[in-house]
Amino acid sequence: MVTALTVEAGLRHRLEALGIKPGQQVKVLRRGWWSGPIHLRVGMTELMLRQIDAARIEVHSADPSRVPR
Amino acid sequence: MTHCLESVGVVLVPGQATVAVVGMPNTGKSTLFTQLTAAHAHIGNWPGLTVDLMQAELTLEGRSVQLVDLPGIYDLRGHSEDEAVVRRFLESTPVELVVIILNASQIDRQLRLALQVRQLGLPALVLLNMADEARRFGVGIDLDELARRLELPVLLISAKYRQGLGQARHAIAKALAASPSGAGCTVLDLEPRLAAADCDLAAAMGPILQAAVTFPAQWRDALTRRLDRWLLHPLLGLPIFLLVMALMFQAIYALGVPMQQALGALIDHFSRFVLAPALASWPPFLSAFITDGLVLGIGTVSAFLPVIFLFFLAMGVVEDSGYLSRAAFLMDAFMERLGLDGRSFVLSLMGFGCNVPAILGTRVMRSSGLRLLSMLIIPFSLCSARLNVFLFMASVFFSPRQGALVIFGLYLLSFGASILTALLFKGRFASEEPLVLELPPYRLPTLPQIWRRAWAEVRHFWFWARRFIIFGVVGIWLLNNLPFGVAPASAQSLSGQLGELLQPLLAPIGINPRLTVALVFGFIAKEIVLGGLAVIYGQTASSGALGHALASEVSWVQAVSFMLFTLLYTPCLSTVAVIRTESKRLGFTLFSVLWSLVLAWLVSFCFYQLAALVGWR
Ligand SMILES: Nc1nc2c(ncn2[C@@H]2O[C@H](COP(=O)(O)OP(=O)(O)OP(=O)(O)O)[C@@H](O)[C@H]2O)c(=O)[nH]1
Ligand SMILES: [Mg+2]
């Protein structure tokens, strides 16, 4: 579950348009090779996000065994 | 593809209603546009494919309407160039109706855009597209409830499978009938109005969704999940992608080259046994101009139309399936280290069709460093116009098996040049642009769609090739025969002089004066190169067999050097023009042209001199 977005306004708008906003469940599907992007599912949408950008999305994990960074 | 060079301003016709198609990227706006009108907009399963306006006329229940296809927008307040195009359009053009297209299966987030448009007070209509996917994924929508809460008409359609299009037409006509003609509105103060209502938006969305939409308890797209398990596999994903690409090119080559040779032979026969006797009574220079110039030039190039058709069929399948976004995912880590991102890679792939739309496609990027660096590497993509030169040269100088390897090598070099360029210049075009990209579900390409696409590309190629060749043939023919009285194409003719003039520069890379003329004309467009060679060598060869004439004067090492140069130097004037308009910088444009020339010369030089050292020539 997303708790906060600590990103600049432009990216925040884009993320919100794609469904990533506080209170929303996200699920990490996989990570790319060579510390590549991560593959997420948010609602009915799948998307990819670079790890450094994902790091600015604060989440609180529902399942402690899979903590998305 | 819409190869329009400048941003098409919309032409308004008095008395005609303007209807704009607005929606998030990849929701099927261009598909709807193409289905409703006779126009051909480029369609593909890749968010951000349309980056420019496109308009076409249609008649709805007796009323003439201008339909405008717009780039997809995530947010009316977004700041990438394609979103700015939409905003400028809404602020400057009076529209009678906005057709909002939403992907029905992703209505959970896309509803936001409909609410934004409603806030602007524009007359609007909502089309929920991809009804087929919504059904497949188990998303249920209560249309009446949704329409009541939005206070807008709502229809469920499937543009790709032509479902509900009749009702959509009728609904648009009805909405237009409600507004008197000429009552179109533009939006004033778009930004502040949206900013003010931002919080209400989030609050309004929840209850509407709750009341009108039911979502599946579990994600149901088993096909996408299963395919992604392999195609995005951390270790196998990339090898699979490369294998798929290699197989695709192999198939095009295996099917296309025999077709090209058969067609080439047919055209040759026609020219020799039908046309030549028919023109026998004409003045010799005129009949030579027609048979050895125009017909040979156009014939040689048109023999490649089947290959180009096959090529774009294959591209169509890749673009429409959704594999492009996966390619972006797989390549992003690598591209990041080159100062680029996964989207640059996908645009480079699109550049294999034609560089111009690929460069326009960089509009989805916001950071100017990233955009410029991408524009710098895209021209190295081996486009279809260059492919026909290489296929021809490879068939003249090599056995089919070696030829395939040579072409494959040129594709590798094309990537190599991009990588090198990015590595050298990433420091100058730095960017910190975040990358967030949708991965749409896999979709089955439909035959009519990719067929239409490939057909449009072939027509486009044929149209330009014909023009350029006529121009090139006339130009080169004049250069060969002026000043009056010289032996055609001799050292005294203008073309001979031009060739000799550049010899100090081009002799070290094995380009003789005649090839030089072809390269000079190739600067305008690569379609000319082959037609030009046909004129240059056809005029001197008595039999008209271009291949033989070429092979008797040029060694295979020279031929490879020529191909290397052709691959790497400026693709065409259209590309230069579009780089200029998109970058808005003359200095950058000149730099891009200069760098490609320098790189082309260096690579050809190294190859030719090394070959000499090894004793190959
Ligand atoms: N399943 C399904 N796919 C559709 C439908 N309509 C369009 N598509 C597919 O959706 C993808 C996107 O279609 P486009 O028409 O290019 O979308 P667009 O809205 O113009 O996208 P941008 O130009 O990127 O903004 C293509 O692969 C289409 O074939 C539909 O009704 N059902
Ligand atoms: Mg489009």
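Reported count of residues in the stretch B:484-498, each being surrounded by fewer than 17 Cβ atoms within 10 Å (Cβ to Cβ) and on the phi > 0 side of the Ramachandran plot, is 1. Scanning the stretch B:251-287 for residues that are over 27 Å from B:ARG401 (Cβ atoms) and in contact with a Leu (Cβ under 9 Å, 6 or more places away or on another chain) yields a count of 4.
Of the residues that make up the stretch B:389-407, is at least one of a type in the set (D, E, K, R) and under 18 Å from the mean Cα position of the chain (by Cα)? No, the conditions are met nowhere in the stretch B:389-407. Evaluation of B:ARG220 against the conditions (1) within 14 Å of another protein chain (Cβ to nearest Cβ); (2) in contact (Cβ under 8 Å) with a residue 40 or more places away in the chain; (3) assigned to a helix (DSSP H, G or I) shows that the sole unmet condition is (3).
Total residues in the stretch B:186-226 satisfying the condition of being among the hydroxyl-bearing types (Ser, Thr, Tyr), within 36 Å of the chain's Cα centre (by Cα) and open to solvent by 40 Å² or more (accessible area, probe 1.4 Å): the figure is 1.
Residues are listed down the side, and each one gets a yes or a no for (1) at pLDDT below 80; (2) crowded, with 22+ Cβ neighbours inside 10 Å; (3) among the small types (Gly, Ala, Ser); (4) not assigned by TED's automatic domain parsing to the domain that holds B:LEU349:
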| position | (1), (2), (3), (4) |
| --- | --- |
| B:SER418 | no, yes, yes, no |
| B:GLU433 | no, no, no, no |
| B:TYR442 | no, no, no, no |
| B:GLN449 | no, no, no, no |
| B:ARG453 | no, yes, no, no |
| B:ALA456 | no, no, yes, no |
| B:PHE461 | no, yes, no, no |
| B:ILE469 | yes, yes, no, no |
| B:VAL473 | yes, yes, no, no |
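Report yes if B:SER414 is open to solvent by less than 10 Å² (accessible area, probe 1.4 Å) and either away from chain A (no Cβ under 14 Å) or touching a Ser or Thr at 6+ places or on another chain (Cβ under 6 Å) (or both), otherwise no. For B:SER414, the condition - open to solvent by less than 10 Å² (accessible area, probe 1.4 Å) and either away from chain A (no Cβ under 14 Å) or touching a Ser or Thr at 6+ places or on another chain (Cβ under 6 Å) (or both) - is met. Based on what the data block shows, is B:SER325 more than 14 Å from every other protein chain (Cβ to nearest Cβ), touching a residue at least 24 places away in the same chain (Cβ under 8 Å) and among the polar types (S, T, N, Q)? Judged against the criteria, B:SER325 is not a match.
The set of residues in the stretch B:99-135 being surrounded by fewer than 24 Cβ atoms within 10 Å (Cβ to Cβ) and away from chain A (no Cβ under 14 Å) consists of B:ARG118, B:GLN119, B:LEU120, B:GLY121, B:LEU122, B:PRO123, B:ALA124, B:LEU125, B:ALA131, B:ASP132.
For the stretch B:19-49, a residue qualifies if it is near ligand 2 (Cβ under 9 Å from one of its atoms), without any contact (Cβ under 8 Å) to a residue 40 or more places away in the chain and part of a loop (DSSP other than H, G, I, E, B), and exactly one does: B:ALA41. Condition check: assigned to a helix (DSSP H, G or I), open to solvent by less than 30 Å² (accessible area, probe 1.4 Å), at pLDDT 85 or above and away from every other protein chain (no Cβ under 14 Å). Does B:LEU501 satisfy that? When the stated conditions are applied, B:LEU501 does not pass them. Only one of the listed residues (B:GLY361, B:GLY351) is in contact with a Leu (Cβ under 7 Å, 6 or more places away or on another chain) and more than 20 Å from B:GLN558 (Cα to Cα). That residue is B:GLY361. Within the stretch B:20-37, restricting attention to residues that are within 6 Å of ligand 1 (Cβ to nearest atom) and among the β-branched types (Val, Ile, Thr), the residue that is farthest from B:ALA168 (Cα to Cα) is B:THR27. Scan the stretch B:50-82 for residues that are more than 14 Å from chain A (Cβ to nearest Cβ), part of a loop (DSSP other than H, G, I, E, B) and more than 9 Å from ligand 2 (Cβ to nearest atom) and the total you get is 4.
Look through the stretch B:260-287, keep the residues that are part of a loop (DSSP other than H, G, I, E, B) and free of Cβ contacts under 8 Å to residues at least 12 places away in the same chain, and return whichever of them is farthest from the chain's Cα centre (by Cα).
So, considering only residues that are part of a loop (DSSP other than H, G, I, E, B) and free of Cβ contacts under 8 Å to residues at least 12 places away in the same chain, the one farthest from the chain's Cα centre (by Cα) is B:SER281.
Look at B:LEU90 and say whether it is away from every other protein chain (no Cβ under 14 Å) and either more than 14 Å from ligand 2 (Cβ to nearest atom) or among the charged types (D, E, K, R) (or both). Judged against the criteria, B:LEU90 is a match.
Could we say that A:ARG50 is within 7 Å of another protein chain (Cβ to nearest Cβ), at pLDDT 85 or above and touching a His at 6+ places or on another chain (Cβ under 6 Å) here? It is false that A:ARG50 is within 7 Å of another protein chain (Cβ to nearest Cβ), at pLDDT 85 or above and touching a His at 6+ places or on another chain (Cβ under 6 Å). The condition of being in contact with a Phe, Trp or Tyr (Cβ under 8 Å, 6 or more places away or on another chain), assigned to a loop (DSSP other than H, G, I, E, B) and under 19 Å from B:THR300 (Cα atoms) holds for only one of B:ILE476, B:ILE524, that being B:ILE524.
Considering the stretch A:22-41, and only residues there that are surrounded by fewer than 20 Cβ atoms within 10 Å (Cβ to Cβ) and at the interface with chain B (Cβ under 8 Å from one of its Cβ atoms), the residue that is modelled with the lowest pLDDT turns out to be A:TRP33.
The values are calculated or read from the model by the stated rules, or taken from the named source; none is laboratory data. Quantities reported herein were computed from a predicted structural model and do not represent experimental measurements. Counting neighbours? That spans all protein chains shown, and the Cβs are built from the backbone with ideal geometry, glycine included. To get the accessible areas, we keep the full protein, side chains included, count just its heavy atoms, and leave off ligands, DNA and RNA. Shrake-Rupley method; radii C 1.70, N 1.55, O 1.52, S 1.80 Å.
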